[in-house]
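S.K.: Next up is a structure, given as structure tokens.
Laboratory data are not the source of any read-out in this text; all were calculated from the coordinates shown. Note that this is a predicted model, so its numbers are computed, not measured. For neighbour counting, all protein chains shown are included, and Cβ atoms are generated from backbone atoms with ideal geometry for every residue, glycine included.
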Amino acid sequence: MEFLDLVKNRYSVRTYKEDPVPEELLKTCLEAVRLAPSASNSQPWEFVVIQNPEIRDKIAKCTFSSLVPFNKFAIQAPVIVAVIMTKGHPIVQAGAGLQGTPFNLIDIGIAAEHFCLQAAELDLGTCMLGWFNEKKVRTILDIPKTKKIALLITAGYPAGSPKPKKRKKLEEFVTFKR
């Protein structure tokens, strides 16, 4: 698949089929993460793949409430991946402080998108979730307080098809300095 076609096909899936996802496909997505670039090759991430239905349901229920229902679809996803942010290399931490740029967050975003793009190429759907009860997820997964759960990613076979993307035109956000 051409890269731009892959990018056009990747979308945030919010309806999933019940079909289980073969572990080999998940390992392929994780290999894409392993190859993702990061500041000074610090690779400030850990990925926890949750397939166990009991644990997955508990995690999914941490992504919505009666007041915030928009992630309720997570309960349908056969897989949830917790993206854990680690501190990374001390030189990168120092540079981040001096620059005022959270390099580890940038690196997490790149790694997560590598996972999602690889999933799309394998006909899997994903959705990155930034809204969840981190404290509860941390307890369920036994993640130490020294690490931050940056994202959750739902994954599975999409039950629907993508809607046309609404995006700005290039002229609205690009300037060429010639």
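S.K.: Which FRET efficiency value, to the nearest 0.05, is calculated for Lys8 and Arg178 with the Förster distance at 35 angstrom and r the Cβ-Cβ distance? Intermediate results must be reported in sequence, preceding the final value.
M.R.: Values: r = 29 Å, r/R0 = 0.82.
Given R0 = 35 Å and the Cβ-Cβ separation, E is 0.75.
S.K.: Net charge near Ala159, counting Lys/Arg +1 and Asp/Glu -1 over other residues with Cβ under 13 Å of its Cβ?
M.R.: After counting each charged neighbour, the total is -1.
S.K.: Now a separate question. Pull out the extension gain between Leu170 and Glu23, defined as 0.36 nm times the separation in residues minus the alpha carbon to alpha carbon distance; nm, one decimal. Intermediate results must be reported in sequence, preceding the final value.
M.R.: Numbers: separation 147, 0.36 × 147 = 52.92 nm, distance 3.86 nm.
Stretched out fully, the Leu170 to Glu23 stretch lengthens by 49.1 nm.
S.K.: Taking the radius of gyration and the Kirkwood hydrodynamic radius from Cα positions alone, what is the Rg/Rh ratio for the chain, to two decimal places?
M.R.: 0.99
S.K.: Find, among the chymotrypsin sites (Phe, Trp or Tyr not before Pro) in region 33-119, those assigned to loop by DSSP (not H, G, I, E, B) with at most 16 other beta-carbon atoms within 10 angstrom. Intermediate values should be presented prior to the final figure.
M.R.: Details: sites: Trp45, Phe47, Phe64, Phe70, Phe73, Phe103, Phe115; in loops: Phe64, Phe70.
Passing sites in region 33-119 are Phe70.
S.K.: Just to verify a number: FRET efficiency for Ile55 and Glu31, C-beta to C-beta distance, R0 = 25 Å, to 0.05?
M.R.: Efficiency for this residue pair is about 0.60.
S.K.: Once phi is turned into ³J(HN,Hα) by the Karplus curve 6.51 cos²θ - 1.76 cosθ + 1.60 with θ = phi - 60°, what whole-Hz value does each residue of region 29-40 show in order, with x for glycine and proline?
M.R.: Per-residue couplings from phi come out as 4, 6, 5, 4, 5, 4, 8, 5, x, 8, 4, 6 Hz.
S.K.: Which cross-chain or sequence-distant (5 or more) residues have an amide H under 5 Å from the amide H of Trp45, H modelled 1.01 Å from N in plane?
M.R.: Distant-sequence amide H within range of Trp45: Thr86.
S.K.: Take Met128, Met1 and order them by how many other Cβ atoms sit within 10 Å, fewest up front.
M.R.: Going from sparsest to densest Cβ surroundings: Met1, Met128.
S.K.: Let me ask another. Out of residues 5 or more away from Lys17 or on other chains, whose amide H comes under 5 Å of its own, with H placed 1.01 Å from N in the peptide plane?
M.R.: Residues meeting the amide H criterion: Tyr157, Ala159.
S.K.: Between Thr126 and residues 5 or more places away or on another chain, which pairs have amide H atoms under 5 Å apart, with H built 1.01 Å from N, and which residues are they?
M.R.: Close amide H contacts, sequence-distant or interchain: Tyr11, Val13.
S.K.: A follow-up question, please. Would you list which lysines come within 22 Å of Lys169, measuring only between C-alpha atoms, while excluding same-chain residues fewer than 8 positions from it?
M.R.: Cα-Cα hits under 22 Å: Lys8, Lys177.
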